[in-house]
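The values are calculated or read from the model by the stated rules, or taken from the named source; none is laboratory data. Note that the structure is predicted; figures quoted are calculated from it, not measured. Here the Cβ is made from the backbone with ideal geometry for all residues, glycine too, and neighbour counts use every protein chain on show.
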Amino acid sequence: QKEVEQNSGPLSVPEGAIASLNCTYSDRVSQSFFWYRQYSGKSPELIMSIYSNGDKEDGRFTAQLNKASQYVSLLIRDSQPSDSATYLCAVRRNTGGFKTIFGAGTRLFVKA
Amino acid sequence: DVKVTQSSRYLVKRTGEKVFLECVQDMDHENMFWYRQDPGLGLRLIYFSYDVKMKEKGDIPEGYSVSREKKERFSLILESASTNQTSMYLCASSFSGSSYNEQFFGPGTRLTVL
């Protein structure tokens, strides 16, 4: 089992729809959770951080964390073609030197 | 704004060459990281450093070494480049005092070893 798992996609949604990206992690003592956006040929860009159970909203983005179920999700409302990218889930754990573990990413396509 | 810069965007080297990849951050971050990213494998940690002259092995350190002589600079060294080290190399930095310890990435260096 991978430490951080994401559906590789591609996930395709029409413009204006809600895109839902999911991530599960295996280390129960993980502390902080991140979503990065990565455009093709570019480096990852941090878009959301969350460490408490529940929802955290920032503009069109909402991160949801459920530590009991060990999943974190990212909702993108009113999806735009410019949201088309790979979204990386990352988990910072308390053990093993406080490393951040990245998922392989989910490719999102927003169709105009 | 955090700025992490890397010395080259694209690099082509020959098998057996010694390769230096440089990373500089301007936000006084304590922690710096080197990753490689390959299709289907995601980001894999090579080495990281939490202070000047300190280094820790990541998940795939074989064939690599690092140097951190100054706080703002973290170098990745491929002692004898091999074709399986062809990859995208990403440097990142983070601030220990942050609640989240978010990592901020440089633009990446796409290395091709022929």
Within the stretch A:43-112, which strands (runs of 3 or more DSSP E) (wholly inside it) include 1 or more residues that are among the charged types (D, E, K, R) and surrounded by 15 or more Cβ atoms within 10 Å (Cβ to Cβ)?
-> A:54-58, A:85-93, A:106-111
Could you count how many residues in the stretch B:14-48 are assigned to a strand (DSSP E or B) and out of contact with any helix residue (DSSP H, G or I) (no Cβ under 9 Å at 6 or more places or on another chain)?
-> 20
Strands (runs of 3 or more DSSP E) within the stretch B:49-114 that include 2 or more residues in contact (Cβ under 8 Å) with a residue 24 or more places away in the chain, surrounded by 16 or more Cβ atoms within 10 Å (Cβ to Cβ) and in contact with a Pro (Cβ under 9 Å, 6 or more places away or on another chain) | B:87-94
Residues of the stretch B:1-25 satisfying the condition of being more than 10 Å from chain A (Cβ to nearest Cβ) and modelled with pLDDT under 95 = B:1, B:3, B:7, B:8
When you scan the stretch A:28-84, how many residues do you find that are polar (S, T, N, Q), within 25 Å of residue B:6 (Cα to Cα) and touching a Pro at 6+ places or on another chain (Cβ under 9 Å)?
-> 2
